[in-house]
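Below you'll find the structure, written out as structure tokens, and then a few comments.
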Amino acid sequence: MANKKKVYFSILAIFAFIAYTLLAAQPVPPETILTNNWLVSLSSDQENEEPSVSKTLIPFKLGSRFGYVDNNGTLFLNKEQELTVSISSEFWAEYDPAPRVLTINDPLSGAGIILENPLSYPVFMDGRILLISKDQTSLQEIDREGKVLWQYDFEAPLTCIDAAGGYILTGSLDGMIDLLDRQGNRLFPSFAPGVSRIPVILGCRISKDGTKLAIVSGIDKQRFLFLEWYGNNDYRITHHEFLSGEGFRREVQMAFIENDTRVVFEQEAGLGIYDVKSRSSITLPLPGQAEGFPVRLETLDEEGASGLFFYISSGASNDEKRFVALKLPDKELINVPLKTEVSFLTRRGKELFIGGGQTLASFTLDKR
């Protein structure tokens with residue numbers, strides 16, 4: 001018990017330091033500051049009753065815990081993770097890799113969808129319930145009653161998936177890209193970027209309106225591609241670039257930010273930022289990377305609104321983290337340490353939610 005208290009208060013001290021740094025150091029950017037709203041501990045199983053439908057819930061996974069917290073710091077689900085967890089604002093599920101029975105829970109209503117012998121595991125995106133087969137070669141969508149709406153079969157295992165604007169974008173192990181509509185129909189012939197020695201798709205994201213696609217493909221060489229809609233289901237490559245090194249051999253983190261005007265993506269050289277309007281990109285080393293230290297991107301802000309972008313990176317050891325704020329495109333405003341093995345970061349408009357250890361914190365972007 002004494003050790004738990006010690007860990008909890010050390011995490012509180014970390015977030016107090018971040019709050020002080022953000023408030024007392026420099027404005028972010030001029031005339032904008034981050035103010036600390038609350039800190040909440042996940043160290044107990046304490047949670048509130050079921051939330052009302054008017055509540056805005058923030059899903060979180062932090063270390064061995066997952067659940068929902070609202071804008072006021074009230075926990076409405078705070079569970080110890082025992083199995084695999086999928087979670088979004090609308091749904092959550094905890095399940096075996098190949099479940100015989102799968103329960104998909106609605107955090108607002110408390111209702112559950114019970115599926116007998118489901119295709120396999122769930123993915124929640126764009127308010128939709130998707131099921132991926134155990135071998136990752138089949139994709140289903142179900143409705144809120146558990147009825148299968150459609151199924152699509154792929155020739156190779158999926159390696160990435162994204163959904164937005166009624167569309168689903170997928171990439172697979174054989175280097176193919178597919179775009180599906182609301183009914184699960186393929187919108188254009190499967191597209192293979194090719195060029196690389198190993199043609200695998202390692203990252204794929206779609207803009208909110210479905211008119212822009214961002215792809216990271218291949219190993220040796222790895223490259224970034226950007227496609228835009230030209231009408232009649234015609235998407236064309238408007239930018240591509242080779243990335244330094246052989247490239248990652250895992251799925252990379254990517255996001256459309258600033259109302260789909262930029263794309264941020266992982267690469268070996270650091271953080272790539274692509275500007276949609278100028279069709280150009282820059283690469284920013286992660287903290288310590290320029291000095292040759294082994295670092296990686298831990299988690300990133302998937303909104304990047306108001307000209308600000310936040311991320312957390314990891315250092316040589318797992319408990320060496322950095323919390324970084326950028327004034328886009330490339331000005332570093334904040335770079336502070338997080339002494340924690342696990343971290344969490346998400347954003348909802350003017351509110352930024354950060355987690356470390358077993359503590360969640362909320363900050364608001366305010367005008368002076």
(request) Name the single residue, out of those in segment 210-236 being without any contact (Cβ under 8 Å) to a residue 40 or more places away in the chain and in a strand (DSSP E or B), that is surrounded by the most Cβ atoms within 10 Å (Cβ to Cβ). (result) LEU227
(message) Six or more apart or on different chains, Cβ atoms under 7 Å: show the pairs whose first residue is in segment 281-308 and under 21 Å from PHE344 (Cβ atoms) and whose second is small (Gly, Ala, Ser) and surrounded by fewer than 13 Cβ atoms within 10 Å (Cβ to Cβ).
(response) ALA305/GLY349
(request) Output the residues belonging to segment 259-276 that are open to solvent by 20 Å² or more (accessible area, probe 1.4 Å), closer than 14 Å to LYS212 by Cα and not β-branched (Val, Ile, Thr). (result) ASN259, ARG262, ASP275
(request) Please indicate, with yes or no, whether at least one residue in segment 160-177 is at pLDDT 95 or above, over 20 Å from the mean Cα position of the chain (by Cα) and over 19 Å from CYS204 (Cα atoms). (result) no
(message) Step by step: first the residues of segment 107-129, then only those that are of a type outside the set (Asp, Glu), out of contact with any Asp or Glu (no Cβ under 8 Å at 6 or more places or on another chain) and part of a strand (DSSP E or B), then the one that is most open to solvent (accessible area, probe 1.4 Å). Which residue is that?
(response) ILE114
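Would you check if SER317 is surrounded by fewer than 19 Cβ atoms within 10 Å (Cβ to Cβ), modelled with pLDDT under 90 and not charged (D, E, K, R)?
When the stated conditions are applied, SER317 passes them.
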(request) Give the residues of segment 149-203 that are under 23 Å from ILE129 (Cα atoms) and basic (Lys, Arg), sorted by residue number. (result) ARG182, ARG186
(request) Give the number of residues within segment 193-207 that are open to solvent by 20 Å² or more (accessible area, probe 1.4 Å), part of a loop (DSSP other than H, G, I, E, B) and more than 18 Å from THR238 (Cβ to Cβ). (result) 1
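The values are calculated or read from the model by the stated rules, or taken from the named source; none is laboratory data. A quick note: this is a predicted structure, and the numbers were derived from the prediction, not measured. Cβ sites come from the backbone with ideal geometry, for glycine too, and all protein chains shown count toward neighbours. Heavy atoms of the whole protein, side chains included, go into the accessibility calculation; ligands, DNA and RNA do not. Shrake-Rupley method; radii C 1.70, N 1.55, O 1.52, S 1.80 Å.
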